[in-house]
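Before any comments, here is the structure.
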2 protein chains.
Amino acid sequence: MVSKVRQKIVDAAATCFHEVGFNACGVQEIVDRAGVPKGSFYNYFKAKELLALEVLQNYTQSSGWEIFEDKSMPPVERLRVHFQTMADRYAAFGYSKGCLIGNLAAESTDGAPLIRKAIAASLTSWTKHVADTIRDGQLDDSVTADIDADQLARFLINSWEGAIVRMKIVDSREPLDDFFVVAFPLLSVRHQEA
Amino acid sequence: MVSKVRQKIVDAAATCFHEVGFNACGVQEIVDRAGVPKGSFYNYFKAKELLALEVLQNYTQSSGWEIFEDKSMPPVERLRVHFQTMADRYAAFGYSKGCLIGNLAAESTDGAPLIRKAIAASLTSWTKHVADTIRDGQLDDSVTADIDADQLARFLINSWEGAIVRMKIVDSREPLDDFFVVAFPLLSVRHQEA
């Protein structure tokens, strides 16, 4: 039964951090949403920051990274399905909520080094998956070889995260559509300057 | 003398919002930093949200948009100088601080519609400047005409904002360099798919 209380706290925190942000969401609000006594919080988590690490980990693990292992799918298609999966997820959350990791990143400060480190690690893993897929595409000539795969992966992910910042503000899918329309053709063009 | 107190509050809030975020920065901290009595805050601002609107406006006005009017400079160069000016600004603030507007955007919630509206307006103006410059480049054939100027402008700005989210996390200029290296050649390529 103990682990159920813990899970309730983690789930409530995930929703709360995503909806109102890490700083605006206090321990009291988390335990209220979880429907557990406040005292139980500190049985499981010494600090809200440590809880955020677990929320981050869960969010990352449910981000549809399995697709990167599906080598039966052409590389560019793998990338498209990956980003499409996330777009569907934002649609389900509501566009105005943004991306939990992006929100935490923007809200993070020098005073919360653990969260920053966890976000950096998550970004590094994500970038590696995308870069490996780009490399597969460079090998079969479906992705331009004129740009370094790691650099292109970082750019692609950053462009996506930026699209999400605007998605949140304009509360619509348009920025994600801009990403698909502009970024994907760029992957396959020959980069000869005019 | 009255206006000096007001200005002190606005300046202190700008630093505080940028450093620790809108939610984490209370009125008490703002007046402490400004060195003014707390009561004076409410003489000038009915709410912290209204103060944020003024901070946003000042930040936008000092974002180096004058360059867009300099038609003596080639369009792509105008864009490069514009983003370079912002990169220098982040270097001065410290990379880990991020972009004030991006931070506020990520932190904004449905519960603070005024801030969200102000950010949306700022994004719209910025996008118009960049799109007009892209159109100038499409006219003199220095920018690809294969992508709609408004869509390309939104994509470019979103990519930049996303680069800044990562810049904040990795506390380095690398994501901005990725932007310059990957995005700028893309502006001028012919988009014929391989």
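The values are calculated or read from the model by the stated rules, or taken from the named source; none is laboratory data. As the structure is a prediction and not an experimental result, all values here were calculated from the model. We place every Cβ from the backbone using ideal geometry, glycine too, and count neighbours over all the protein chains shown.
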Inside the range B:156-179, can you point out the residues that are more than 8 Å from chain A (Cβ to nearest Cβ) and among the hydroxyl-bearing types (Ser, Thr, Tyr)? B:Ser172
Are there any pairs with C-beta distances below 8 angstrom linking a residue in the range A:57-74 that is touching a residue at least 40 places away in the same chain (Cβ under 8 Å) to a residue that is surrounded by fewer than 15 Cβ atoms within 10 Å (Cβ to Cβ) and assigned to a loop (DSSP other than H, G, I, E, B), with the two at least 6 apart or on different chains, and if so which? A:Pro74/A:Asp140
Take A:Phe83 and tell me if it is within 17 Å of the chain's Cα centre (by Cα), of a type outside the set (Ser, Thr, Tyr) and under 21 Å from B:Asp110 (Cα atoms). no
For the list (1) more than 7 Å from chain B (Cβ to nearest Cβ); (2) surrounded by fewer than 24 Cβ atoms within 10 Å (Cβ to Cβ); (3) assigned to a helix (DSSP H, G or I), I need the number of the one condition that A:Leu123 fails. (1)
If you go through the range A:59-68 one residue at a time, do you hit one that is surrounded by fewer than 14 Cβ atoms within 10 Å (Cβ to Cβ), assigned to a helix (DSSP H, G or I) and within 19 Å of the chain's Cα centre (by Cα)? yes
B:Val81, sole failed condition from (1) part of a loop (DSSP other than H, G, I, E, B); (2) away from chain A (no Cβ under 14 Å): (1)
For A:Glu77, indicate whether it is more than 23 Å from the chain's Cα centre (by Cα) and either surrounded by fewer than 18 Cβ atoms within 10 Å (Cβ to Cβ) or closer than 20 Å to A:Ala153 by Cβ (or both). no
Taking interchain pairs and intrachain pairs at least six residues apart, which have beta carbon atoms under 9 angstrom, with the first residue in the range A:128-141 and assigned by TED's automatic domain parsing to the domain that holds A:Asn158 and the second in a helix (DSSP H, G or I) and of a type in the set (Ser, Thr, Tyr)? A:Gly137/A:Ser188
